[in-house]
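One structure is given below, encoded as structure tokens.
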Amino acid sequence: MLLLLVLLVFELFHLNILFGNSEYLAGGDNYIYLQLETQKMFPYYWNNLIHPFGSINFAMPDTLGMQLYSVVLGFLSGPLAQRLILYLLYLFRYVAFYKIIKYISPKVSIFALVPAVIIYALNAFSSLDPFSFFPLMNAVYLPLSLYYFLKLFNSDSFDLVTLFKLSLLSVIFSPINSNIPLAVTIFIPQILYVLFSCKKLNKLKVKNVLAYYVLWVFLNLWWIFPLLKYFTTSASSVFNINWFSATGVGNTFMNLRFLGQWAWYSKHFLYYYYPFNNYFDNFIVVLVTYLVVGIALFNPFNKTSADVMKYRLYFLVLSLLSLLFVGGSRLPFGFVYRILYENLFGFKIFREPFTKFELIYVLAISVLLYFSLFNLEKTLNKRTKYFVFGGLMVLCLISIKPVLLGEHVWTKWNGNMRTFRIQIPDYWREFKNYLVENSIKGEKIITFPKVNYGTAWNWPHGFTSADDVAVNFVGPYNYVVRNPLASTGGDIGMIIDSIYNNKNPNQYFLGFLGIRYILLENDLDWRYSGRNMSPSETLSILGNMGVQKVKDFGILDAEYLKSIPNDTPFPNDKKMFYTELENKPALSLFTINQDYINPIIFSPNKIIYSTGDTYKLSEIYNREGFGNNTLFLLGQYDSFKKDFINDSLIDFSNTYVLYPKQVEPLFFPERVEWEEGWFWPEVNVSPASLEYKFVKLVEKIELLRFSKLEKLDRYIWFSSKRIEEIRKYSKDLSNKQKDSLLNDYISNINEGFEIINSYPTNDPDETYTGLLKKFIRYFERSFAYLSTTDFDISKDQRLLKLKESYNELITKVIGDNCGEYCFDFKIPKNGAYTLNVNNKEIGVGELKVEDRDYSPLNPNLFLEHIDIGEWKDFGITSKFAEIKNFQSDQQYKIKFDYKTNVPKTSVSIVEEIGADKRADAIQKKSSLDEDLHVFEINPINNESLKGTRYCVFIENESCYSHFEAIFTSKKDIKNAILVFGFETVENTIKNLEIQRVYDPIINLVGENNVNSEFQIPSITFQKLNPTRYRVLIENIKGKFLLVFNQNFDKNWKLFEQNNLFTDEVKIKEYQNFNVAEMTIKDIFFDFDYLKTFFQKPFSDSRHFVANGYANGWDIEPSPVSDKLELIIEYTPQRNFYVLMVIYVLIVTVFAGIVAVKLYRNKINK
């Protein structure tokens, strides 16, 4: 009890140190603590909070986390609630560790327990996440679940009580499952113990373990179901991107003492991510931390008693196994991890093995430390024990000092990294209260400027968040439209990004997406949050949009700005901070014209049929000026089936906006550059020597070991060696030996041709394409080098045939291509179409469905000639000239011809980056820097080489090579110069041209002459909860379309029902759409919901993707009625209702059985 009291008091002081004088501990991914301001649970499988247009609720496990805590602790202020949560999590770490020690130890030794529990709770590993919710929960759940699992496994009976407690714990700690890779590590110690005790397995133990896992599944199906759905649908695209990965960082010696995070020694901007890292490299600290681990692992004090031997051995194995997991893909055993990571679907979630598996190692070492100290205590007398205990405490304090004193809580200003000790400005709470007081509910609010992942806000102490901070203050029923992480935003994310990328966005398009409000966040630090607009630029854009200001919140006056950290080392940035922000409102709320806002449910009166992808929605909408009651059918061509989709709506469409697909060969052979990592062989053994026979033998052995593509790589190398041998040892070889080498060269090349021709060209992989490029470049170079020798290529039939085979290969690579700007023009319907290129009308023509697919366009439509200034001398032989009107972040093409047989030619483009762009001085950087390949060709071979890369044309008996490259200019440049370096006074360059390259933006626009505008009916709808809407449709005059402005999901179903509406209050009217909205409700469940459980929905064939992301239905009503009552339901929510019933039944029955068992045990005693 005394120890518990000490811990209770200690943790109060410790928590006070962590918080300092701040209101919250929050920042980065841990902004979720600000949800305590919302006080709302969200028990639905469709989530509008994470995604403004809805998505599968993959955060369902957090329903019993921060959402539940915000409601249960609603009587407390948010900051006080966070303190209570963190206090209990820190405290229960000690309790959980104590429970497992009490179970496995013959008796609890305070002498051993105190140092062990301190090492477990406050070690260097815990310094990474001082207040991160999920790791803190995991640190409690890991030892607690293992304790009950050991108790269950070792039970002499079917232990219902322990089974119930263990299963209930899985529900209480279910929020951890929001971080799946962390959550699944809970089972590693449990599975290991089963394997460890396999000799003692019997039916009872198997029964207990199986009962636990079966019960665990049933009690957690309510969050497993949506998570599985997410992983099998939406998440598949996430796994295909190039995630950040830290699978092989660190080393085992660091891991031994709980270190090894990928950023441990990394620096961001001004500071290291972990400024206290040098403390752990102090010689004394290194010795102490290794000593603690050494004591734990080697147990140097006396022999372990038989009672605890099995547990010590188990935790020793667990520590070693966890170290292997922590090592990830590192040698020597990392190859297994790498194979799993690259090939096993879902294993990529373990991209940071250190953060996921190190806690298991920490627990194992802490338990082993307890055993060692427990044995040590037996060897000490009472007096000595106190001195030793004091020494142990000193060692522990040295090990945990940064964690104990709160040095691991980030407090520095570091660009977009701001302090974790935050103070919420009053104006954010004023904004939140304004929304509540004015009944602003169920609205989409877009924020400006764009919030990126890891954006910083200029708050009194500073703040950084992984998501828009506004999500915490718009209330539980409004939604922030944002896309902070482009890789996970999906189709609607592309649409949102298109708004921010548009320099002149308009409020019509925002209204089309159903956005009613714009929140201007002037306190967002635009300087260190990606390439963002300043407050003045943002305000100008909003002014051009014509939106109306509703209200300002807070003023960033001079006095207030003094309280905001502004520690940038760049004077210009420091000055901008004041000139941009002073006396501006901190927040401003704007509204879009009511007439432009689309309701969440409406019926469009016309259709635009397009093959453009979702990202084109903004472009099509803005360019063509279509009204908001328009349906856009995007991506309507299936390239796999080679046919148009939703063909039943083609004739009903008013306009066709088609985006021809650019048809390109696998690659352009003339643009294949010599890649970094390719080497021309050096030969050191003469073919005339005896040693050369061994060279050939090794080559044959190498060919036996490789696959087809690996053989191709070898043939490339061997053929190049033959040419180099001919060149180097020409004088030492007889004509017969040279001829033999040439035959070997030709044989290797032909073998390469054979492998290449055996591969299909319709779906080549990256390895094949890369080797094909390599083959082409090596062949061209080898053939060119051959032209420098005494062989007369023009008369050698073998070489002429080889060149012919090469030309056939080039034709195969290029394929059926009609030029560099070749497009696939397919149309859904015959008629007149207008061709537009880069927003300019090129012409109008009649097209038919059966017309030829491919058509070339003039390259000059996509290229702009760039002038070059006067040439000046640079040194003795080099020259340079200014490139006129050179712009930042643009694509350019440079091309020219140069003499092949000169000593050297080089080309570079040098750019100047201005000092006002956070540089101490003007920096010169090269966008392009190339040494061109030159060599002396034997004149007799000029004509034979003509037409290849190394002799494009011949002039004055000299071969000219062609150079062509496309490059992107750097950002923030001032100007650029073109530099040519020669080793001769002669200018060897001809036909120089620089062009600006525009992305080919092409579309065909055709009008449908049939008058197909729909007569829109009257619609009344009501939101019952995020997964259920009821809709009344009246004045139906025939076929109509229904659009539901939520992300498309095939599980949104449409059901017909009657008598849905009673006396409801209208809250909004959309007169342009003939739509009315009733009072928004949040009815979690009603028995009326059961009516659709057994009802057949509208056919899936009538369900389509509207506007590139939303749901649409094509409805053919009954001719005998002009009225239709519908339910729009997200049917997976039914599973939640069913699973919750099962959950309650299981818990109730189980609790009853356990209560009866405990009562009987009490009576029996």
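General remarks:
- Of all the criteria given as (1) exposed (fewer than 13 other Cβ atoms within 10 Å of the Cβ); (2) in contact with a helix residue (DSSP H, G or I) (Cβ under 7 Å, 6 or more places away or on another chain), the one not satisfied by ASP573 is (1).
- ASP1049 vs. criteria part of a loop (DSSP other than H, G, I, E, B) and under 30 Å from CYS822 (Cβ atoms): no
- Single match in LEU373, LEU359, LEU395, LEU368 (criterion: part of a helix (DSSP H, G or I), in contact with a helix residue (DSSP H, G or I) (Cβ under 8 Å, 6 or more places away or on another chain) and closer than 21 Å to ASN282 by Cβ): LEU395
- Residues that are farther than 30 Å from HIS268 by Cβ and either hydroxyl-bearing (Ser, Thr, Tyr) or not assigned by TED's automatic domain parsing to the domain that holds VAL469 (or both), drawn from the range 514-569: TYR517, SER540
- Failed item, numbered, when GLU724 is tested on (1) touching a helix residue (DSSP H, G or I) at 6+ places or on another chain (Cβ under 6 Å); (2) modelled with pLDDT of 90 or more; (3) of a type in the set (Asp, Glu): (1)
Yes/no per residue for (1) farther than 30 Å from MET309 by Cα; (2) modelled with pLDDT of 90 or more:
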position	(1), (2)
ASN177	yes, yes
LEU192	no, yes
ASN220	yes, yes
THR232	yes, no
ASN240	yes, no
SER266	yes, yes
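- Cβ separations smaller than 9 Å between residues 6+ apart or across chains give the following pairs from the range 1052-1080 residues that are among the acidic types (Asp, Glu) to residues that are at pLDDT below 90: GLU1077/LYS1066; GLU1077/ILE1067.
- Qualifying residue in the range 1010-1021 (condition: without any contact (Cβ under 8 Å) to a residue 60 or more places away in the chain and farther than 30 Å from ALA832 by Cβ): yes
- Complete set of residues in the range 476-518 that are among the small types (Gly, Ala, Ser) and either farther than 20 Å from ALA466 by Cβ or not in a loop (DSSP other than H, G, I, E, B) (or both): ALA486, SER487, GLY490, GLY493, SER498, GLY511, GLY514
- Given (1) at pLDDT 85 or above; (2) in a loop (DSSP other than H, G, I, E, B); (3) in contact with a helix residue (DSSP H, G or I) (Cβ under 7 Å, 6 or more places away or on another chain), index of the condition SER794 fails: (1)
- Hey, ASN654 under 15 Å from PHE1014 (Cβ atoms) and among the polar types (S, T, N, Q) or not: yes
- Among all residues of the range 433-442, there is at least one that is touching a strand residue (DSSP E or B) at 6+ places or on another chain (Cβ under 7 Å) and either in a loop (DSSP other than H, G, I, E, B) or not assigned by TED's automatic domain parsing to the domain that holds LEU561 (or both).
- Residue that is surrounded by the most Cβ atoms within 10 Å (Cβ to Cβ), among those in the range 393-416 that are within 34 Å of the chain's Cα centre (by Cα) and of a type in the set (S, T, N, Q): ASN414
- Selection from the range 858-877 of residues that are acidic (Asp, Glu) and in contact (Cβ under 8 Å) with a residue 40 or more places away in the chain: GLU864
- In the range 524-555, the qualifying residues are those that are free of Cβ contacts under 8 Å to residues at least 40 places away in the same chain and assigned to a strand (DSSP E or B), and the one that is nearest to ARG418 (Cα to Cα) is ILE555.
- Condition broken by LYS40, with the remaining ones in (1) more than 22 Å from the chain's Cα centre (by Cα); (2) assigned to a helix (DSSP H, G or I) satisfied: (2)
- Residue that is modelled with the lowest pLDDT, among those in the range 159-175 that are out of contact with any Ser or Thr (no Cβ under 7 Å at 6 or more places or on another chain) and among the β-branched types (Val, Ile, Thr): VAL161
- Residue ranges of strands (runs of 3 or more DSSP E) in the range 823-872 with at least 2 members under 19 Å from THR611 (Cβ atoms): 831-837, 840-847, 854-856
- Listed here are the strands (runs of 3 or more DSSP E) enclosed by the range 958-1031 that have at least 1 residues being among the aromatic types (Phe, Trp, Tyr): 958-968, 973-982, 1018-1025.
- The range 644-682: number of residues that are more than 25 Å from ILE894 (Cα to Cα) and of a type in the set (Gly, Ala, Ser): 2
- Positions within the range 377-392 being over 14 Å from VAL308 (Cβ atoms) and either part of a helix (DSSP H, G or I) or touching a residue at least 12 places away in the same chain (Cβ under 8 Å) (or both), in sequence order: THR379, LYS382, ARG383, THR384, LYS385, TYR386, PHE387, VAL388, PHE389, GLY390, GLY391, LEU392
- Filter result for GLY627 (crowded, with 17+ Cβ neighbours inside 10 Å, part of a loop (DSSP other than H, G, I, E, B) and in contact with a strand residue (DSSP E or B) (Cβ under 8 Å, 6 or more places away or on another chain)): no
- Test: residue in the range 773-787 that is assigned to a loop (DSSP other than H, G, I, E, B) and surrounded by fewer than 19 Cβ atoms within 10 Å (Cβ to Cβ): no
- Meets criteria (basic (Lys, Arg), modelled with pLDDT of 90 or more and under 23 Å from VAL308 (Cβ atoms)) for LYS412: no
- Considering residues of the range 522-553 that are in contact with a helix residue (DSSP H, G or I) (Cβ under 6 Å, 6 or more places away or on another chain) and closer than 16 Å to VAL469 by Cα only, the residue surrounded by the most Cβ atoms within 10 Å (Cβ to Cβ): ASN522
The values are calculated or read from the model by the stated rules, or taken from the named source; none is laboratory data. What you see is a predicted model, and the numbers here were worked out from it, not measured in a lab. Don't worry about glycine lacking a Cβ; one is built from the backbone with ideal geometry, like all the others, and counts go over all protein chains shown.
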